[in-house]
1. So which residues in segment B:89-104 are modelled with pLDDT under 90 and under 19 Å from residue B:655 (Cα atoms)?
2. Among the residues of segment A:1-15, which ones are without any contact (Cβ under 8 Å) to a residue 40 or more places away in the chain and either assigned to a helix (DSSP H, G or I) or surrounded by fewer than 17 Cβ atoms within 10 Å (Cβ to Cβ) (or both)?
3. Could you list, in sequence order, all residues of segment B:46-72 that are touching a residue at least 12 places away in the same chain (Cβ under 8 Å) and at positive phi?
4. Being within 13 Å of another protein chain (Cβ to nearest Cβ), under 48 Å from the mean Cα position of the chain (by Cα) and either under 30 Å from residue A:210 (Cβ atoms) or at pLDDT 90 or above (or both) narrows it down to one of A:96, A:66, A:88, A:27, so name that one.
5. With A:134, A:156 as the choices, which residue is under 23 Å from residue A:68 (Cα atoms), crowded, with 19+ Cβ neighbours inside 10 Å and either facing chain B (nearest Cβ under 10 Å) or touching a helix residue (DSSP H, G or I) at 6+ places or on another chain (Cβ under 8 Å) (or both)?
6. Could you list all residues from segment B:514-561 that are within 10 Å of another protein chain (Cβ to nearest Cβ) and under 23 Å from residue B:394 (Cβ atoms)?
7. Can you report the number of residues in segment A:172-208 which are farther than 19 Å from residue A:249 by Cβ, touching a residue at least 12 places away in the same chain (Cβ under 8 Å) and at the interface with chain B (Cβ under 9 Å from one of its Cβ atoms)?
8. Among the numbered criteria (1) assigned to a helix (DSSP H, G or I); (2) crowded, with 20+ Cβ neighbours inside 10 Å; (3) within 9 Å of chain A (Cβ to nearest Cβ), which single criterion is violated by residue B:696?
């Protein structure tokens, strides 16, 4: 085949150019650590990397929400623990009230103590979270859920409450996993307001406390049937306290179950995070060993092209004329 | 005497050989130069009694070594390579931008939904709301800035088209001039004018880098040049000119016209092939339009679905209902452009379907609500699926179940758009009828009047049309670009930015049971749909349990005139609000567009309420629903998510870029091969020319020796005579 002189030069430049382009690209990959510099390098991997990165971010968001849910549920759990302690203390005092040896004065002293515990219970029921929102007011986060109704004791129950509920039945929820919205509050109504008494009427825990205080304050002489009726009333109070305690423990069990669920969700989400990161890395990161070896090979190629070009371009018949 | 004359012919031939060799050496590096060769033949011999006596040599012609076939191969390869090169140079700009980890859409999109989640967790928190507003502003800014860069590419294509057209005109004029010189020169001496032809061929080659041309050699030596499918660019010594003119269909983009005398005709872009001109035009109509539309499609889908879900909520100020809730995103309408050559003065406007439909039953059905008429429409999304209308949602649910055997599951659904990334052409077909063509695949709708057309495209294309004014003439057309400028115009509503309390994070309905209930019955709220009528403050919808009824159920107050749908595991049944609703635990009950469930063991007289969510500042249920849009099937007829659609765009552009690069590289190889073939035949090899130099030098010396010998012989004769 005939070769023109211009072609010799052009070809050499073209080939050296190509080698240099490859080297530039390799150098770029090595310095960024990315195999895929632009989507054209691997369109499928680029799109997948975008979608996987979103999945990773969404998963991170779930982890964050789980943390948030844990804080809120732990706060509810701590408060309910306080409520449990108060009920247990009051129950002990109620048992003491049944001691026939006590005089009116001593029962009054117990009544004063119980009033303290009542105040403590109202305070616990009106507990607020870090944002200043009430834990037990449902969606009405800014509304103080429990306030004294100002009714006279006749005795207290749902139609004649000692404390009224101003919150609502809303349950605040967080997205803790793609398909799981978890309630992070419990309804104040459910915890404190619905203790069905023996006559088929609901009393609140507050009503139970106040009715007990009423029993403690009442002078022994004023009971119409004497000790029997006092004992009957006290027994009712005690059984209502037990119902109240059971109810709080039932709610705490729900909260505890959610906290346990959060723990397992967190384990899964943490594992997923690692997997997503690995997947993204597989999709777009560079295999350094391969890249460095490619770089060396290309380097040798370019040097050979340069050297041979210099040799060939020096050959000319005119040198001998 | 013949001694001398033969010597002279030899001397002449050797001299021309030397001159031609020198010319070749001088032009060894001239672009487009073809080496020249001396065509030499023996003179007619003299017939004598002793036989034919040779009369020396003559030079017939100096010809260039030129192969028309190879030259045209070079041109063909060159024009395709240039087209792909121009395409690649442009599309790689989009490619690099879209997947840039910092400049692409993904980070902004993720930050935005992160902001939504934060508000869902702390709906009452002013800083969380402000952070959402900021991340929403960052998202729309990102849309705008990507769109800006795409707009710059449109402008750059316009500019390059104009300058390419200028280049083509200049080359055409030069070719016409050289045609003139060749015709004159060759007519005078009847020999090919090699160097002028080289120059002209080089101009044609350069022209091919700008646009593909075809040529026809005329008998007078001139060359006619055509573009497209036969449009005359150069005829003999006359050149027509191309102009960059605004497109008739879309005056905002420059396209190419051909001026012939006083008339200018727009050349359809599809017939312009090859060269950087076609590369630019193809890039614009394939990749740039697609990327811009897809970006608009994503932004429109985000804005429309987000606004629709937002409208269902309740803001921190207690506002409720689509009319009172501020739109979250401010959105623009689809762009409509009247064709420049329209005869009539008809106007067309297009409107997005808003609220967009809801996806139900994992995408088997969609539920649309027409705000103006209060009509619900259920579509079965499978192809050939039915359509059912009605103003009473609960009754409609029953109708759909009767027709399809499938129960509509109202407990979960999400908004989605039917928007496509295509442009559309609407053509007036006479009477009141129009034909709409989806330009991406030439699917057509109609001819039909706009109302009929709207019922069709509203459900399948995500927008509707109206003709507010004017009278169109037959075949008048309109270009409709639903998503082209959406990303440019999207913004966060100023009502939201100026008062983040207007972000509707809560739902307007609360399901609850009063403290007086004795049983363990519970009510759980599930969802509400557009057009739902949430209870007003103080007027709840109340359900009272009647244990004595057969079967036991609920009597309803506060929902007079509304029908109530009860969906159990097996069937949907519709009840009047005066009926006793039988209690089936966990059945989904739908009334006035609100759905909820009863569970547990209610007791006689227990009441359950759907009431207004008064002071529900800690309620983040609507924010949660907004946050879920991130991963739901919200686009392309409920088949893909925002992020997947964006991933699809990145992958489409990446694939296109890759495809263009690979074809360009292959084409480049073909071009190099064709060029090598051309160089092998026509290129100058200096070693070869050095050898020729020696050859002709020796021939010249030999011819001179002939003269010398002749001279001596003559001298001999003279000396004899002396």
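1. Scanning segment B:89-104 gives B:95, B:96, B:97, B:98, B:99, B:100, B:101, B:104.
2. Across segment A:1-15, the qualifying residues are A:1, A:2, A:3, A:5, A:6, A:7, A:10, A:11, A:13, A:14.
3. Listed by number, the list holds a single entry, B:56.
4. The conditions single out A:66.
5. Exactly one of A:134, A:156 is under 23 Å from residue A:68 (Cα atoms), crowded, with 19+ Cβ neighbours inside 10 Å and either facing chain B (nearest Cβ under 10 Å) or touching a helix residue (DSSP H, G or I) at 6+ places or on another chain (Cβ under 8 Å) (or both), namely A:134.
6. B:522, B:523, B:524, B:525
7. The qualifying residues number 6.
8. Every listed condition holds for residue B:696 apart from (3).
The values are calculated or read from the model by the stated rules, or taken from the named source; none is laboratory data. The structure displayed is predicted, hence computed values, not measured ones. Positions of Cβ are generated from backbone atoms using ideal geometry, with glycine treated the same way; all protein chains shown enter the neighbour counts.
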